[in-house]
Every structure is written in structure tokens, then in C-alpha cells.
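The values are calculated or read from the model by the stated rules, or taken from the named source; none is laboratory data. Predicted model only: the values in this text are computed from it and were never measured. Quick reminder, even Gly has a Cβ in these numbers, built from the backbone with ideal geometry, and neighbours come from all protein chains shown. What goes into the accessible areas is simple: the full protein's heavy atoms, side chains included, and nothing from ligands, DNA or RNA. Shrake-Rupley method; radii C 1.70, N 1.55, O 1.52, S 1.80 Å.
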Amino acid sequence: MFERVKIEIRGTVQGVGFRPFIYKIANELLLKGFVQNSTSGVTIECEGPRETLEVFIDRIRLEKPKISFISNFEYSFLEPIGYEDFKIVNSRKETEINAFILPDISTCPDCLKEMFDPKDRRYLYPFINCTNCGPRYSIIEELPYDRCNTTMKHFKMCKICEEEYNNPLDRRYHAQPIACPECGPHIELWDKHGNLVTKYYEAIIETASKVMEGNIVAIKGIGGFQLIADACDDDVVKNLRKRKHRIEKPFALMFPDLITLKEVCLVNPAEERLLLSNESPIVLLKRKPTEKSQPSNLVAPDNPYLGVMLPYSPLHHLLMKELKIPIIATSGNISEEPMCVDEYEALERLGNIADYFLVHNRPIARYVDDSIARVIQGKVMIVRRARGYAPFPLEIKNQPEDIKTKTVFAVGGYLKNTVAIKKGDNVFISQHIGDLSNEKSILAFQKTLEDFQQIYKSNSSFFVADAHPDYYSTQYAKSKSKHILTIQHHVAHAASCREENQVTGNALAVVWDGTGYGTDGTVWGGEFFICNEHSCIRIGHFRKFPLPGGEQAIREPRRSAFGMLWEIYGNSFSEVNIPFIKFFNKDEIKLIYKMLEQKINCPFTSSVGRIFDSVASILNLRQKINFEGQAAMMLEFISDSNTEDFYNFDIIKNEIFVIDWEPILESVVNDLNNGSPKSIIAAKFHNTLVEIILTISKLFAEERKVLLSGGCFQNSYLLEKTIKKLEKHNFKVFWHQKIPTNDGGISYGQIAALKWVDQDFFPTK
Ligand code: ZN
Ligand code: ZN
Ligand code: FE
């Protein structure tokens, strides 16, 4: 089967024989497509069998012309469109070149070599960088990208740096953050009161020994503060959890190198490529099944995956060289707040968490978290789009003429918020901002939007927002403009998946997540749509059930279970033998009955996320949660992957169809009472969801295309089983690659959904 790969390469790839080089290997591999210079590098599209495309990708990286340098390499697999030959295409008209800002790029091999060369003038210098690597987005204050518009403007270049900067033959020609120990920023280690402990390289050595002694150190990284600590010591991890108010949510790890990482995690070639990429995200990897208790199991309790990364900045390389052990490297914040970027702010906000502060005097213009990615069926799936990726644009295809020329802001959703701006054919997506649940995140949201307005020099008054009237993002947009359009949450998810995969024609979109405001005022989250170039129509959903306590039910899976079982059994359900009921005391039960009977604070929902919660609660895996998705994750992780059985379900056909979960829940309760292992019940539950998607696909996906979007598809058991099952039945399955399947993708989806909107919204000139 042929596939099309679309590759965007940025870096020094123009005028260095890059296109003829691509042409040559494409021909050798008999691939069809094209290569073209783009505003920030080259774009390649190629069609052929998947294995050959993988070889093509590897060969570009390995055999590229010596003088070229790839700073970013993003690719996604798409449907083939039937290229007949391979062409070098003439450049598109270059528009708005200035709008392109490079993300922060991990340290290049040349700089690394110099940094560890005792004869080099930048020996052990933590701010070494060149045209091919170093900070970008996190230091830019304004465009154009010149030193005077970056936070490096405070440092006057020394003679030698200036010569390098002005020499077109030098690797540092016009490298805006150029610096050396003579003229650039430096590091200092402070105690928690801000007193100097030591500086320069001594500070690295001292930091390493503080970490080894069990201290928690806040370090000022590329896009903000990180908290680092010994990942192998249970007591240290416990201490960090306590101080950071992060009870069970997994921590990310940084390993000294790939070898030590491979001792702990399983790494396939696509994952290795991702770990070593210039974007260097946190990669979710399966932990090797061993007895080894290092790193500490408390890093990611009850979780078969670890989020791991390799050193990506000079500072990290130096630190890890001294440390030689895996460390926790988590964002420097308290629970869901944004990361700190300023050292004095850090002293204040992180003073109760960190024992020491490794700081420097290069200001950070905006915070940029570490990105998170995983590999699904050989394809990269970005879970959190931030450092290394933001704010690179994604192209948007086939826009109606009147939208094409408009600049539009999208303000995203509520959880995992991101914002986006559409200019022409490009959508620039912000770095991950976070949940808009606290004042600091809300300020960060406002600042990011203002930032985008300023950077992209736009005062457009067109806003798209979520349909939820209470979301802060929606209210903010409304306060800023009269030209505001709201897009239903799950429609935005469907649009984002369709657009990033460049799907044409009619497709079935399965959108499952935790919460989204429905057009009927209820809470949606188990939706089916048919979408195409012109419209997105809801054709079905899960049967609705009451959520006693509303918002509170999101934190207490047992409330979802209560609501669903009450729907089945009414007031007599406490006599049904279900163990979870004992987690409520008598007064609570009375109160919830009353709420349900009188329909007080019991919003109705079709959310699949909440159904996951219910099953997790009934199996007593989790009654209350500490972070979003925790109950569903536990259900995923205990599932027996060899079980193929599933439960019965009903499809009620009305005007639109309704999936009835009642038989599923009854079977879960029966199985439990009959002593079936939880691992089997959990697997059967997952398999049932896969079976539901297959059944609906057979009924409605006439063109055999199925899109999967929404937070539930972060569940790799569900996602991979669904893909395999559908592909076996000859469906084409599209899931997310560059855009998060969770609410981080909503801003992009809001813009992608514009083509489904009544065009009158955009007045013609
Ligand atoms: Zn470099
Ligand atoms: Zn210098
Ligand atoms: Fe969502």
C-alpha cells in the first residue's frame, strides 16, 4: 500500500544543493512527488511504500550535503494523491518571510564538540550556540529577528564574537544569540534565599553534587525553570511530590545519554529518531520489564511508560556529564501553574520547593515547556506542542476565498490551552499554555495572545472561540471583539484531525473526550460526525447520563459510576452488589439521590471519558483522581492485551443514533461479581469501544475513511487496537500526528473549522 509523506525541513537547506540531493535519492528509491523551497526551508512530498519512505527519511538525515544543516525536521504520513514522477518545483511566491520564527533548537554536534574541547575558547561554556542551534522563540521580543530584538541585546559582543558574527564564512554568521565567556551570560548557583553559592563552571559541579546529596535544584533552562532531582532515590521523589503538590502525576526524566536510557526503556527506531531530533521532546516510552527499581517507581506510579528526554541545551549537557544518572526534570511550577521564567520570581514561587537555584542572566522572553511526543504505529504523535515545535506554522489547505485573506485569532479551549493565529495559508500555534484554571495561567494566556498580536503585527478583530459560554478564553474573545464566532468543541477536534491529515471527501469522525459544551446545552464527549469539505454533521452519540455534582464528578470517578448505575437501576441500585458504593457514606448517598431525583446540579453527558471513569470506579481502581485522565489511564494499564472478547452494546436508531452503554455496564458488574479478573474486564471494555467504532464505520463511513480525535485517543491501547481493527477491515484511519489529540489541538481545530461556517461571518470588502 502506498502512502504519502510530507516533510518540512527548516535550517540551512537553501542554496546548498539540497534539492538536487533530494531529487537523487527519491529517484534511487523510485519515489514520486516533489521538492520545493519554502519560506523557511524545503518542503518535500513523496509517495511510495511505508518502508521505502522510512528509508528515505533516514537517508536525508544521514547523507545530506555537508554544508547543509537541518534545524527542524517534521513529517507526517498522509493519503497518496498519485504523483507520477519526482520533480524539483519552482519556489512559491515568498510571502511574509518575516513571520517565521524558529523554535528553540537543541545544541548541534559542532557546538558540542567545541564545548568539550579544552582548547576551544568556549570550553565548558553553557551558552554556546551557532546559526544551527540555540535559543530562538524563547529569546525573541520582536521581529525582525535581530539581536537588538532579543533578550541578548543586554550583552555587548566582544571583538572576537563580533568578527564571527560578521563573517559570512563563519558558522556563527548572524547567529543572534552568539556569546562567549568574555561577553555573554554566565551562570550562578544560589541558595534558596538568593545568596550566591558559586558561579561559572564551579556552579555546575556544585549543582551536580547537591543533586547527588538529595537536594532539589531549580535550574533556569531554555524556556523556563525546571526542577531537577535524583530520579533513583525514593525519598527524594517523595519529597519533590510533597513540595510540588503533585501527588501521583508522572514526572519526566532526563537521561545522560541514549545508552543509559536504553537500559531502562524499550526504544524502536522511530522513537530513537525522535529522542535525538533537534526538537528533542519528552518521549513516552515503555519501561523495560525488569526487576530493576531504578529509576524509582515513584517517578510514574503504576505506569508502564516513562516520559524521557536527552540533554538538549549546553547547560543540560554539562550537568548530565557531571551527574551521570537519570534525573527528574519537571517544569518549575506549582501544580498546574505556568513555569517560572525569571530568577527572582522563581525564588519567590519555588522557594518552598527548591533547595538551590542554578540561574543565569540571559532573560527568557516567554516560557516554553518541554514538548511531549510518542510513536503510534510508526508515526510521531505530538501530545504537547511546545519547545522545538512552537511556533512553527501548519499549512491550511483549500480555504474559501473570503477566509483566505483574513487574519484570524483562535483562543482555544480551557484545558491544555493553546492559542493560534491564521495568516494567509499558515496557522501559527502557540506553545502549550496550560489549564486556564488559575490566575497565573490566565495571565499567561493573555500575554501569549498579545505576544502573537505583536510578533505577527496583527490587530485583526476576527476571533474564533469555544462554544462554552463560561470558558475564560471565550469570554476574553468576547470582551475583545464583536466579530467572534464560536465553534463547538468536538467539531473543532474533528476539524483539526481532518485538516492536519489533509483528508478529502466524506469521512466519519469519532470524537471522544472528557468534556465539551454541546449545542444542546448538555456536556458532549462521545460524538460521531460525518464531515467533508463543506460541513460537519453530528450523526450519533453515546446515551446521556447524569453527572451528580457536575464539575466535582470530573475529580471523582465514583460520581460518574453513581450517575450511570442510577440510570440503570434507579433508587434500588444500592442493593445491587457493587463494591464501589461503600466509598460513599450514608449522608453522601442520600444527598446524591436527592440531586439525581430533583435534577439539581446533575448535568447530562455523553462523555466517553466519564464512562472510562465509571468503569474504573466500579472496578475500584480509582474513586477520586489527582490529575486529569488518571482513572482512564489505570484502566488502560491493567488491560490484558491478549483478550479479544468484548461486551454487547445497543445502537438505538433515532433521528441520530445513540450508543446504549447499559448492556456494557451491566456486563461489567456481572463479570466483577462472578470473579472475573479486572485485567480481563478492562480489556473487554476497551475492546467493546473498538467494536463500536468498527460497527459505526461499517454503517456510516461510506468512503471508508475514519478520523479519531479527542483526549480519549491518548489511550494507546484504545488507539492502536482501533487502528488495527479498522485497517483489517479496509478502512483508512486518520489520527493525530503534529496536532495534539487533546485540547491542545482545539485552537488549530477552531481555525480549520472555519470552512464549515456560514461565510457571511466574513464581510467582503
Ligand atoms: Zn551549534
Ligand atoms: Zn564574546
Ligand atoms: Fe476535548
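A few remarks follow.
- Where SER496 falls short, out of the listed (1) touching a residue at least 60 places away in the same chain (Cβ under 8 Å); (2) of a type in the set (S, T, N, Q); (3) open to solvent by 50 Å² or more (accessible area, probe 1.4 Å): (3)
- For the stretch 626-649, the condition of being in contact with a Ser or Thr (Cβ under 9 Å, 6 or more places away or on another chain), part of a loop (DSSP other than H, G, I, E, B), open to solvent by 20 Å² or more (accessible area, probe 1.4 Å) and of a type in the set (S, T, N, Q) holds for at least one residue.
- Looking across ILE57, ILE101, one residue alone is open to solvent by less than 60 Å² (accessible area, probe 1.4 Å), more than 16 Å from ligand 2 (Cβ to nearest atom), in contact with a Phe, Trp or Tyr (Cβ under 7 Å, 6 or more places away or on another chain) and not in a loop (DSSP other than H, G, I, E, B). It is ILE57.
- Qualifying residue in the stretch 125-138 (condition: open to solvent by less than 30 Å² (accessible area, probe 1.4 Å), within 21 Å of ALA329 (Cα to Cα), in contact with a helix residue (DSSP H, G or I) (Cβ under 6 Å, 6 or more places away or on another chain) and within 16 Å of ligand 2 (Cβ to nearest atom)): yes
- Every test in (1) crowded, with 24+ Cβ neighbours inside 10 Å; (2) under 25 Å from GLY412 (Cβ atoms); (3) in contact with a Leu (Cβ under 9 Å, 6 or more places away or on another chain) is passed by ALA561 save one, and that test is (2).
- Scanning the stretch 44-96 for residues that are more than 30 Å from LYS404 (Cα to Cα), aromatic (Phe, Trp, Tyr) and at pLDDT 85 or above yields a single hit, PHE56.
- Just one residue in the set LEU298, LEU315 is more than 28 Å from ASN626 (Cα to Cα) and either assigned to a helix (DSSP H, G or I) or in contact with a Pro (Cβ under 6 Å, 6 or more places away or on another chain) (or both); that residue is LEU315.
- Every residue from the stretch 445-468 that is at pLDDT below 95 and small (Gly, Ala, Ser): SER458, SER460, SER461
- Listed here are the strands (runs of 3 or more DSSP E) enclosed by the stretch 461-528 that have at least 1 residues being away from ligand 1 (no atom under 16 Å from the Cβ) and among the charged types (D, E, K, R): 462-466, 507-517.
- Residue in the stretch 744-765 that is aromatic (Phe, Trp, Tyr), closer than 27 Å to ILE433 by Cα, open to solvent by less than 10 Å² (accessible area, probe 1.4 Å) and not in a loop (DSSP other than H, G, I, E, B) present: yes
- Pair list, Cβ under 6 Å, 6 or more apart: the stretch 590-619 residue acidic (Asp, Glu) and at pLDDT 95 or above, other residue buried (at least 23 other Cβ atoms within 10 Å of the Cβ) and not in a loop (DSSP other than H, G, I, E, B): ASP613/PRO557; ASP613/SER560; ASP613/ALA631
- One residue alone among GLN431, GLN475, GLN446, GLN453 is farther than 25 Å from LEU718 by Cβ, open to solvent by 10 Å² or more (accessible area, probe 1.4 Å), more than 16 Å from ligand 2 (Cβ to nearest atom) and in contact with a Pro (Cβ under 9 Å, 6 or more places away or on another chain), and that residue is GLN475.
- GLU567, sole failed condition from (1) under 22 Å from ILE589 (Cβ atoms); (2) crowded, with 24+ Cβ neighbours inside 10 Å; (3) charged (D, E, K, R): (2)
- At least 3 residues being out of contact with any Phe, Trp or Tyr (no Cβ under 7 Å at 6 or more places or on another chain) is the threshold, and among the strands (runs of 3 or more DSSP E) wholly inside the stretch 367-457 those reaching it are 372-376, 379-384.
- Taking (1) open to solvent by less than 30 Å² (accessible area, probe 1.4 Å); (2) touching an Asp or Glu at 6+ places or on another chain (Cβ under 7 Å); (3) assigned to a loop (DSSP other than H, G, I, E, B) in turn, GLY609 satisfies each apart from (3).
- Filtering the stretch 365-388 to residues that are hydroxyl-bearing (Ser, Thr, Tyr) and open to solvent by less than 10 Å² (accessible area, probe 1.4 Å) leaves only SER371.
- All conditions but one from (1) touching an Asp or Glu at 6+ places or on another chain (Cβ under 7 Å); (2) at pLDDT 95 or above apply to GLY388; the one that does not is (2).
- Scanning the stretch 585-606 for residues that are open to solvent by less than 10 Å² (accessible area, probe 1.4 Å) and over 29 Å from the mean Cα position of the chain (by Cα) yields ILE592, LEU596.
- Test: residue in the stretch 163-177 that is away from ligand 1 (no atom under 16 Å from the Cβ), without any contact (Cβ under 8 Å) to a residue 40 or more places away in the chain and either under 27 Å from GLU343 (Cα atoms) or open to solvent by less than 80 Å² (accessible area, probe 1.4 Å) (or both): no
- Candidate set: the stretch 149-179, residues that are among the β-branched types (Val, Ile, Thr) and near ligand 2 (Cβ under 8 Å from one of its atoms); chosen: the one farthest from the chain's Cα centre (by Cα): ILE160
- Under the condition of being in a loop (DSSP other than H, G, I, E, B) and under 35 Å from the mean Cα position of the chain (by Cα), the residues counted in the stretch 650-685 number 3.
- Among the residues listed as GLY184, GLY224, GLY214, GLY194, the single one being within 16 Å of ligand 2 (Cβ to nearest atom) and small (Gly, Ala, Ser): GLY184
- Cβ-Cβ distances below 8 Å connect the following pairs, each with a first residue in the stretch 693-707 that is open to solvent by 10 Å² or more (accessible area, probe 1.4 Å), a second residue that is in a helix (DSSP H, G or I), and a separation of six or more residues or different chains: ARG704/SER697.
- Where a residue in the stretch 213-240 is crowded, with 21+ Cβ neighbours inside 10 Å and its partner, wherever it lies, is in a loop (DSSP other than H, G, I, E, B) and of a type in the set (Lys, Arg), with Cβ under 8 Å and at least six apart: ILE222/ARG387; GLY223/ARG366; GLY223/ARG387; LEU240/ARG246
- When TYR145, TYR201 are checked against the criterion of being within 27 Å of ILE455 (Cβ to Cβ), surrounded by fewer than 21 Cβ atoms within 10 Å (Cβ to Cβ) and away from ligand 2 (no atom under 15 Å from the Cβ), a single residue qualifies: TYR145.
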